[in-house]
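Please read the structure below before turning to the comments.
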Amino acid sequence: MAYFGAGDGIRTRDQELGKLLLYQLSYARSGEGGIVAHLPGRADNGRRPMIADYCFRRSVLESGRTYSLFDDRIVIEGMDLQAQTYLLADVQKVHLKYEHTKQREYYECYIHTRRGRISLRHVSYRGFGDFEDRRKTYTPFVKALLAELARVPGVQFQGGSMTNFVGAIVGLPVMLGLTWLCVSLGRYGLGIFAAMMGGLAGIMIAPSKPRRVDPLEPPADLLPE
């Protein structure tokens, strides 16, 4: 007679081990979430345990990517991408940036390595004009990455953008002047547009200021909370 169910062995009789297995199952990954939960002692092929992971899709031109952080490397995987490994020892610079357009804001993290550049963004593409905000998983991942890289000699940590900073400094008074001119000429539609652009320029000034970043205390205006 066929028998279905759990066998009579160590895993079924040991209550403490059973609790551990139940705990592990309750934290299994689902969907395209980011750092949701880690299995206790989860390791890559039985080697070092994973510290954190993050998933996002940049655009319609590529599928979703999963970025897994270990204490010695970053592993990138995707449905249309063969797994790629970047050693933390090869990282030369980490650059945190903030971008703000009329449609949405972007928090970005660029990781420059000897093999190339890795770019992360806190929003994930879902469809035309539709992006999902993933700050709840993006920020913990970036903080964990910065903390690991703080132990690597020679890594530079930078924030802001000189191009955006200069553009915002120049653009703010220009847009305010254009707003006044449009309103005085009765061109209210153009005046409203110029005022909006001036507001964006004002928002960009502080986070765009070029600066060095403390990897253990990254600035709040470059990481979404």
Within the stretch 159-174, which residues are surrounded by 13 or more Cβ atoms within 10 Å (Cβ to Cβ) and either over 26 Å from E108 (Cα atoms) or among the charged types (D, E, K, R) (or both)?
-> V174
Would you mind stating whether E148 is in contact with a strand residue (DSSP E or B) (Cβ under 9 Å, 6 or more places away or on another chain), surrounded by 13 or more Cβ atoms within 10 Å (Cβ to Cβ) and not in a helix (DSSP H, G or I)?
-> no
Filter result for F165 (among the aromatic types (F, W, Y), out of contact with any Ser or Thr (no Cβ under 9 Å at 6 or more places or on another chain) and farther than 20 Å from S63 by Cα) | no
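Conditions (1) closer than 30 Å to D71 by Cα; (2) crowded, with 18+ Cβ neighbours inside 10 Å; (3) in contact with a strand residue (DSSP E or B) (Cβ under 7 Å, 6 or more places away or on another chain), marked per residue:
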position	(1), (2), (3)
T139	yes, yes, no
A144	yes, no, yes
W180	no, no, no
Y188	no, no, no
A201	no, yes, no
P207	yes, yes, yes
R211	yes, no, yes
P218	yes, yes, yes
D221	yes, no, yes
Residue that is crowded, with 18+ Cβ neighbours inside 10 Å, at pLDDT 90 or above and among the acidic types (D, E), where the choices are E108, E132 = E108
Name the strands (runs of 3 or more DSSP E) wholly inside the stretch 57-105 in which the number of residues that are under 29 Å from T163 (Cβ atoms) and in contact (Cβ under 8 Å) with a residue 60 or more places away in the chain is 1 or more.
-> 65-69, 73-78, 91-100
Which residue pairs have Cβ atoms closer than 6 Å, lie 6 or more positions apart in sequence or on different chains, and pair a first residue in the stretch 179-201 that is more than 23 Å from T101 (Cβ to Cβ) with a second residue that is at pLDDT 85 or above and not hydroxyl-bearing (S, T, Y)?
-> V183/G191
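The values are calculated or read from the model by the stated rules, or taken from the named source; none is laboratory data. Just so you know, these numbers come straight off a predicted model, no measurement behind them. When we count neighbours, we look across all protein chains shown, and the Cβ atoms used for this are built from the backbone with ideal geometry, even at glycine.
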